[in-house]
Amino acid sequence: MRWDLLFFDLDGTLTDSGPGVMGAVRYAFGAMGRCAPDETEMRSFIGPTLIDSFSRYFPPEQAVEAVGKYNEYYAKTGWLENGPYPGIESCLGALRAAGARLFVATSKVEASARQVLDHFGLSPYFESVCGATADDPAHGAKDVVLRAALRQAGCDDPGRAVMIGDRKFDILGGRAAGLETVGNLYGYGSREELTAAGATEIVETVQDLKALLLQE
């Protein structure tokens with residue numbers, strides 16, 4: 001295989017979390033006494049850290065409060081408005097059977113990520129899950145998460161590792177951590193976004209991703 005260590009984004013790569021994320025954004029804006037942005041703008045919350053996203057609309061202290069409101073909704077309801085992409089479990093199983101080591105590297109709060117993976121039966125495919133901490137959501141910056149994940153993996157050769165994700169934040173974070181990157185178009189990013197960020201490879205479907213990662 002071209003890469004031995006595979007680091008997967010969660011939202012937009014393993015699961016289609018869009019409805020839950022947008023529901024939580026809508027709830028947070030309402031709780032802050034503001035009208036939520038339109039759906040296109042809400043989709044932009046999938047990928048970056050929450051504090052970065054809310055900081056585009058609120059001053060610093062209010063942005064932190066908005067993140068808390070988002071998490072209120074997501075912890076109760078939003079995480080269930082979600083589901084694995086068709087074919088992703090088969091893809092993960094084939095990669096494990098081929099000898100790859102799989103990890104999750106997400107900007108989502110780590111406990112929420114584990115909850116989602118457990119609920120949908122995906123946890124057994126991964127050695128480790130690395131994400132943000134509830135008391136320090138800025139830790140969810142993708143390059144920070146990836147460096148922590150690389151340490152957990154005991155990786156001393158980043159050339160054997162790849163970051164897989166659907167947004168520019170995954171690609172830029174992977175490159176900053178010294179990894180090659182794969183952008184997927186079945187999530188929430190566009191080809192233009194992933195190309196501009198410098199993705200090593202771009203795939204259109206889960207099946208294309210599986211074929212690429214299993215290539216010798």
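Looking for something aromatic (F, W, Y), at pLDDT below 95, crowded, with 22+ Cβ neighbours inside 10 Å and at negative phi - is there at least one such residue anywhere in segment 45-55?
Yes: one or more hits.
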Original post:
In this structure, does D143 turn out to be open to solvent by 70 Å² or more (accessible area, probe 1.4 Å) and either of a type in the set (K, R) or part of a helix (DSSP H, G or I) (or both)?
Top reply: no
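Which residues, taken from segment 194-207, are of a type outside the set (A, V, I, L, M), open to solvent by less than 70 Å² (accessible area, probe 1.4 Å) and closer than 22 Å to L172 by Cβ? Before you say what the answer is, go through the steps one by one.
So in segment 194-207, the residues of a type outside the set (A, V, I, L, M) come out as 195, 198, 200-201, 204-205, 207.
Among the residues that remain, those that are also open to solvent by less than 70 Å² (accessible area, probe 1.4 Å) are: 198, 200-201, 205.
Once the filter is applied, which keeps residues that are of a type outside the set (A, V, I, L, M), open to solvent by less than 70 Å² (accessible area, probe 1.4 Å) and closer than 22 Å to L172 by Cβ, segment 194-207 yields G198, T200, E201.
Quick one: in segment 104-123, which of the residues that are of a type in the set (D, E, K, R) and open to solvent by 30 Å² or more (accessible area, probe 1.4 Å) is farthest from the chain's Cα centre (by Cα)?
Narrowing segment 104-123 to residues of a type in the set (D, E, K, R): 108, 110, 114, 118.
Now restrict to residues that are open to solvent by 30 Å² or more (accessible area, probe 1.4 Å): 110, 114, 118.
Working: E110: 11, R114: 12, D118: 16 Å.
This residue is D118.
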Original post:
Looking at this structure, is I171 more than 12 Å from G12 (Cβ to Cβ), touching a residue at least 24 places away in the same chain (Cβ under 8 Å) and open to solvent by less than 10 Å² (accessible area, probe 1.4 Å)?
Top reply: yes
Original post:
Has segment 21-39 got at least one residue that is more than 20 Å from the chain's Cα centre (by Cα), open to solvent by less than 10 Å² (accessible area, probe 1.4 Å) and not polar (S, T, N, Q)?
Top reply: yes
Original post:
Can we say P86 is open to solvent by 70 Å² or more (accessible area, probe 1.4 Å) and either of a type outside the set (D, E) or farther than 26 Å from L185 by Cα (or both)?
Top reply: yes
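The values are calculated or read from the model by the stated rules, or taken from the named source; none is laboratory data. All values reported here derive from a predicted model rather than from experimental measurement. Note that we place each Cβ from the backbone using ideal geometry, even for glycine, and neighbour counts take in every protein chain shown. These accessible areas exclude ligands, DNA and RNA; they are computed on the full protein's heavy atoms, side chains included. Shrake-Rupley method; radii C 1.70, N 1.55, O 1.52, S 1.80 Å.
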